[in-house]
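To start, the structure under review is shown below, and the notes come after it.
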Amino acid sequence: MRLSRYFMPILKENPKEAEIVSHRLMLRTGMVRQQSQGIYSWLPLGKRVLDKVNAIIREEQNRAGAIELLMPTLQSAELWQESGRYEAYGKEMLRIKDRQERPMLYGPTNEEMVTDIFRSYIKSYKNLPLNLYHIQLKFRDEIRPRFGTMRSREFLMKDAYSFDLNKEDAVHSYNKMFAAYLRTFDRLGLRAIPMRADTGPIGGNHSHEFIILAETGESEVFSHRDFVNFDIPGEDTNFDDVAGMQAIFDKWTSVYAATSEMHDAAAFDAIPDSDRLSARGIEVGHIFYFGTKYSEPMGAKVQGPDGKEHLVHMGSYGIGPTRLVPAIIEASHDENGIIWPESVAPFDVVVINMKPGDEACDRLSENLYATLGNAGKDVLYDDTDDRAGTKFATADLIGVPVQIIVGPRSAAVGEVEVKVRRTGAREVMTLEAALNRITG
Ligand code: 5CA
């Protein structure tokens, strides 16, 4: 992407309305724009990051055996009347009427709709287990939308829904999502701690929130320090291995961790002082097992091996991609701007042409741009006439992991400077060496 032709509206000043660093940086880099309270457009730079976050979530959901579909944002009120949640959900639900005066709503979550899909097609235990997910916009008319896309009214959610014949199988489905979440957050460059959690309007009594620690987090959390050293399940994890999945769950729930709603002060106080972690955190994922809460009122049953009808046991599993993007920034930035983990960076590398119009600078920059692009790298090419200081500041601000600086003096002898955003380390090398460094 040539910066001169891109749409990346960088703000010079810090926006006054932004209270936390991620919100400030997302506005300054032109990643998002608020359209009305708690409702955001994702501008091109932000959209790139969001797509990368979604791709990782999708890969890990698929790896764990979940199957993607796409359900609509608008739902009929009838389904919610069946489950009893139409009234219970309260003012957070945006209620709408269509032209025939039929009550509709903008979905805050999809338990009812997915249960309706399930009951329409699945009649036998032989089709179980089943886990269906989508990545779709939700709307919750939050009283206090704030911190940009961290707590917005319209937001993206990956929501998965599992269906099993009985509780035992449902626990295995839960454990699979638990392990998939550990992998997902790790790949996003985050250390998320699973914590026993309150279930709120989704229901059930077995639930974990995945929390990343950050000073600006909205939740107060209490945990054991050991989490920092726990191993993340590897790529070769066998999600069908019931005992293996249970072992991962048992390990990661073996030490104390809870949000303030579920906090047990006595248990926490029993932990040695030096191992106690009392901090603030951001909830980036939340998983639930709620048994037959929806299958019962909505009549979602299958015929079991015994020939009898059984209500299916369900769970649901949410991740907030539009919250994860600011959460990653909270965890990874410095005074100059964002420092993206490689896995979600909007571009892999930025080529900074210090003097467009200079023959050597143009030749080397174009060569880098084309060669790295052909090698499958996402390259931003700063071919603008901006001052050197502006170019460097922009590159640091948007947090692309590697910068290749092409200045006239070194370009004349076939050399460029490579700067690593995270460490600030700079090294002058030949064009070939720079290419090898990035593609090797
Ligand atoms: N149906 C269940 C699981 S699929 C559910 O709705 N769970 S939830 O309410 O906990 O939301 C799941 C995830 O969505 C949260 O962990 C959070 O990451 C994200 N989320 C929830 N509310 C918001 C919001 N207002 N803004 C941004 N992300 C949100």
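The values are calculated or read from the model by the stated rules, or taken from the named source; none is laboratory data. Remember, predicted model here, so these are calculated numbers, not experimental data. Virtual Cβ from ideal backbone geometry, glycine too; neighbours counted across all protein chains shown. We work out accessible area using only protein heavy atoms, side chains counted, and drop any ligands, DNA or RNA first. Shrake-Rupley method; radii C 1.70, N 1.55, O 1.52, S 1.80 Å.
With respect to the conditions (1) open to solvent by less than 20 Å² (accessible area, probe 1.4 Å); (2) in contact with a helix residue (DSSP H, G or I) (Cβ under 7 Å, 6 or more places away or on another chain); (3) away from the ligand (no atom under 12 Å from the Cβ); (4) over 19 Å from GLN246 (Cα atoms), PHE222 falls short on a single one, namely (1). Residue pairs whose Cβ atoms lie under 8 Å apart, sitting 6 or more positions apart in sequence or on different chains, and linking a residue in segment 93-112 that is farther than 17 Å from LYS293 by Cβ to a partner that is more than 16 Å from the ligand (Cβ to nearest atom) and open to solvent by less than 10 Å² (accessible area, probe 1.4 Å), are ARG95/ALA77; ARG102/ALA77; PRO103/ALA77; MET104/ALA77; LEU105/ALA77.
Of all the residues that make up segment 286-313, how many are part of a loop (DSSP other than H, G, I, E, B) and open to solvent by less than 50 Å² (accessible area, probe 1.4 Å)?
So in segment 286-313, the residues part of a loop (DSSP other than H, G, I, E, B) come out as 292-294, 299-300, 304-308, 312.
Filter again for open to solvent by less than 50 Å² (accessible area, probe 1.4 Å), leaving 292, 294, 299-300, 304, 307, 312.
Qualifying residue count for the region: 7.
Listed by position, the helices (runs of 4 or more DSSP H) contained in segment 44-95 that have at least 1 residues being open to solvent by 10 Å² or more (accessible area, probe 1.4 Å) and of a type in the set (Phe, Trp, Tyr) are 85-88. Among the candidates ILE248, ILE232, the residue that is of a type outside the set (Gly, Ala, Ser), at pLDDT 95 or above, surrounded by 18 or more Cβ atoms within 10 Å (Cβ to Cβ) and out of contact with any Ser or Thr (no Cβ under 7 Å at 6 or more places or on another chain) is uniquely ILE248.
Evaluate segment 403-426: report whether one residue or more is assigned to a strand (DSSP E or B) and surrounded by fewer than 17 Cβ atoms within 10 Å (Cβ to Cβ). Before the answer, list the steps.
If we filter segment 403-426 for residues that are assigned to a strand (DSSP E or B), which is where we start, we get 403-406, 415-420, 426.
Narrowing further to those that are surrounded by fewer than 17 Cβ atoms within 10 Å (Cβ to Cβ): 420, 426.
There is at least one residue in segment 403-426 that is assigned to a strand (DSSP E or B) and surrounded by fewer than 17 Cβ atoms within 10 Å (Cβ to Cβ).
When you look at TYR256, is it surrounded by 15 or more Cβ atoms within 10 Å (Cβ to Cβ) and away from the ligand (no atom under 16 Å from the Cβ), yes or no? Working first, answer last.
Details: surrounded by 15 or more Cβ atoms within 10 Å (Cβ to Cβ): yes; away from the ligand (no atom under 16 Å from the Cβ): yes.
Considered against the rule, which asks whether it is surrounded by 15 or more Cβ atoms within 10 Å (Cβ to Cβ) and away from the ligand (no atom under 16 Å from the Cβ), TYR256 comes out as yes.
Could you list, in sequence order, all residues of segment 96-109 that are part of a loop (DSSP other than H, G, I, E, B) and either of a type in the set (Phe, Trp, Tyr) or touching a helix residue (DSSP H, G or I) at 6+ places or on another chain (Cβ under 8 Å) (or both)? Write out each step before concluding.
Taking segment 96-109 as the starting set, the residues that turn out to be part of a loop (DSSP other than H, G, I, E, B) are 98-102, 107-109.
Once the filter is applied, which keeps residues that are part of a loop (DSSP other than H, G, I, E, B) and either of a type in the set (Phe, Trp, Tyr) or touching a helix residue (DSSP H, G or I) at 6+ places or on another chain (Cβ under 8 Å) (or both), segment 96-109 yields ARG102, GLY107, PRO108, THR109.
Across segment 155-171, which residue is farthest from ILE122 (Cα to Cα) among those that are open to solvent by less than 30 Å² (accessible area, probe 1.4 Å) and either part of a helix (DSSP H, G or I) or within 12 Å of the ligand (Cβ to nearest atom) (or both)? Among those residues, the one meeting the criterion is LEU156.
Considered as a group, the residues in segment 371-389 that are part of a helix (DSSP H, G or I) and open to solvent by 50 Å² or more (accessible area, probe 1.4 Å) include one that is nearest to LYS47 (Cα to Cα), and that residue is ASN374.
Is segment 316-335 home to any residue that is acidic (Asp, Glu), open to solvent by 10 Å² or more (accessible area, probe 1.4 Å), within 16 Å of the ligand (Cβ to nearest atom) and assigned to a helix (DSSP H, G or I)?
We begin by selecting, within segment 316-335, every residue acidic (Asp, Glu); these are 330, 334-335.
With open to solvent by 10 Å² or more (accessible area, probe 1.4 Å) added as a condition, the list becomes 330, 334-335.
Add one more test, that the residue is within 16 Å of the ligand (Cβ to nearest atom), and what stays is 330.
Restricting the remaining residues to those that are assigned to a helix (DSSP H, G or I) gives 330.
Yes, segment 316-335 has at least one match.
Screening ASN131 against (1) open to solvent by 10 Å² or more (accessible area, probe 1.4 Å); (2) in a strand (DSSP E or B); (3) within 18 Å of GLY107 (Cβ to Cβ) leaves a single unmet condition, (3).
Of the residues that make up segment 346-358, is at least one without any contact (Cβ under 8 Å) to a residue 12 or more places away in the chain and open to solvent by 10 Å² or more (accessible area, probe 1.4 Å)? Steps first, please.
First, the residues of segment 346-358 that are without any contact (Cβ under 8 Å) to a residue 12 or more places away in the chain: 357.
Those left that are additionally open to solvent by 10 Å² or more (accessible area, probe 1.4 Å): 357.
So far as segment 346-358 goes, yes, one or more of its residues are without any contact (Cβ under 8 Å) to a residue 12 or more places away in the chain and open to solvent by 10 Å² or more (accessible area, probe 1.4 Å).
The number of residues in segment 294-330 being more than 13 Å from VAL53 (Cβ to Cβ) and either aromatic (Phe, Trp, Tyr) or in contact (Cβ under 8 Å) with a residue 60 or more places away in the chain (or both) comes to 20.
Residues are listed down the side, and each one gets a yes or a no for (1) within 16 Å of the ligand (Cβ to nearest atom); (2) touching a strand residue (DSSP E or B) at 6+ places or on another chain (Cβ under 6 Å):
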residue	(1), (2)
PRO272	no, no
ARG276	no, no
ILE287	yes, yes
LYS293	yes, no
PRO297	no, no
LYS301	no, yes
GLY304	no, yes
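Per the conditions (1) within 14 Å of the ligand (Cβ to nearest atom); (2) open to solvent by 20 Å² or more (accessible area, probe 1.4 Å); (3) more than 17 Å from the chain's Cα centre (by Cα), the sole criterion not satisfied by GLY107 is (2).
Just to be sure, is LEU182 touching a residue at least 40 places away in the same chain (Cβ under 8 Å) and not in a helix (DSSP H, G or I)?
Numbers: touching a residue at least 40 places away in the same chain (Cβ under 8 Å): yes; not in a helix (DSSP H, G or I): no.
Spelling it out, it is not the case that LEU182 is touching a residue at least 40 places away in the same chain (Cβ under 8 Å) and not in a helix (DSSP H, G or I).
Is it the case, given these coordinates, that SER207 is assigned by TED's automatic domain parsing to the domain that holds ILE20, open to solvent by less than 20 Å² (accessible area, probe 1.4 Å) and polar (S, T, N, Q)? When the stated conditions are applied, SER207 passes them.
Quick one: in segment 110-128, of everything that is closer than 19 Å to TRP80 by Cα and either open to solvent by 20 Å² or more (accessible area, probe 1.4 Å) or assigned to a strand (DSSP E or B) (or both), which residue is nearest to the ligand (Cβ to nearest atom)? Before the answer, list the steps.
Applying the first criterion (closer than 19 Å to TRP80 by Cα) to segment 110-128 yields 110-120.
Cutting the leftovers down to either open to solvent by 20 Å² or more (accessible area, probe 1.4 Å) or assigned to a strand (DSSP E or B) (or both) gives us 113, 116-117, 119-120.
Working: MET113: 11, ASP116: 15, ILE117: 15, ARG119: 18, SER120: 20 Å.
Among those that are closer than 19 Å to TRP80 by Cα and either open to solvent by 20 Å² or more (accessible area, probe 1.4 Å) or assigned to a strand (DSSP E or B) (or both), it is MET113.
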